Amino acid sequence: MARLLVVHHSPTPTVQALTDAVVAGTRDDAVEGVDVVVRAALEAHADDVLAADGVLLGTPANFGYMSGALKHFFDTIFLQAGGALGDDGSAGTGGAARVPYGLWVHGRYDTTGAVRSVQSIVQALAWTQRAEVLEVVGDVEQRHLDAAYELGGTLAALLVPD
């Protein structure tokens, strides 16, 4: 059975609503053969990542960056999960195995910096973006929850065994 890891930091009802919709999408009745593991960013470990066939990430945009909790997740798992560093110590390019990932970000006014910060770290892991980033600015509406559900379902469906 394939395993999809959902790592999120959902400190507000708004972000939690998006997280709930993403997780519900991963568990859609049409998706079979995928074990969904949900971890808060501060509780996820490298072993979770190493056991996953795909990853979904969720974060609020905080001061133009991903949440500190999601950054902590990356700091903790980076090298064990195959992250590459360049000669100068900056993020390099990840290895050949490409784990599919998706991302959702909520910001009150902007999400650009948060998306960029996640993508710059993920490029140094052996992960590849397999769905459009869900960026939600301001109040969460039903269309955003529908898009979050679709994001979860899309990533899960990509992992369905043949």
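The values are calculated or read from the model by the stated rules, or taken from the named source; none is laboratory data. This is a predicted model, so every value here is computed, not measured. Please note: Cβ atoms are built from the backbone with ideal geometry, for glycine as well, and neighbour counts cover all protein chains shown. Side chains included, ligands, DNA and RNA excluded: accessible areas come from the protein's heavy atoms. Shrake-Rupley method; radii C 1.70, N 1.55, O 1.52, S 1.80 Å.
So here's what we get for this one:
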read-out	value
Zone residues, segment 42-81, relative to Thr112, backbone N less than 19 Å from point 7 Å out along Cα-to-Cβ	60-67
Rough spin-label spacing in nm, given labels placed 7 Å along Cα→Cβ, for Phe63 and Val160	4.4 nm
Long-range HN-HN contacts of Val99 with modeled amide H, under 5 Å	Trp127, Thr128
For Ala61, distant residues with modelled amide H under 5 Å away	His106, Gly107, Arg108
Directionally averaged shadow of segment 1-88, computed from the convex hull of its alpha-carbon atoms, nm²	6.7 nm²
Linear extension gain, Leu42 paired with Gln16, 0.36 nm per residue minus alpha-carbon span	7.8 nm
Solvent exposure of segment 1-159 as accessible area per residue, Å², 1.4 Å probe	47 Å²
Spin-label pair Thr76/Asp35, simplified geometry with 7 Å Cα→Cβ offset, distance in nm	2.0 nm
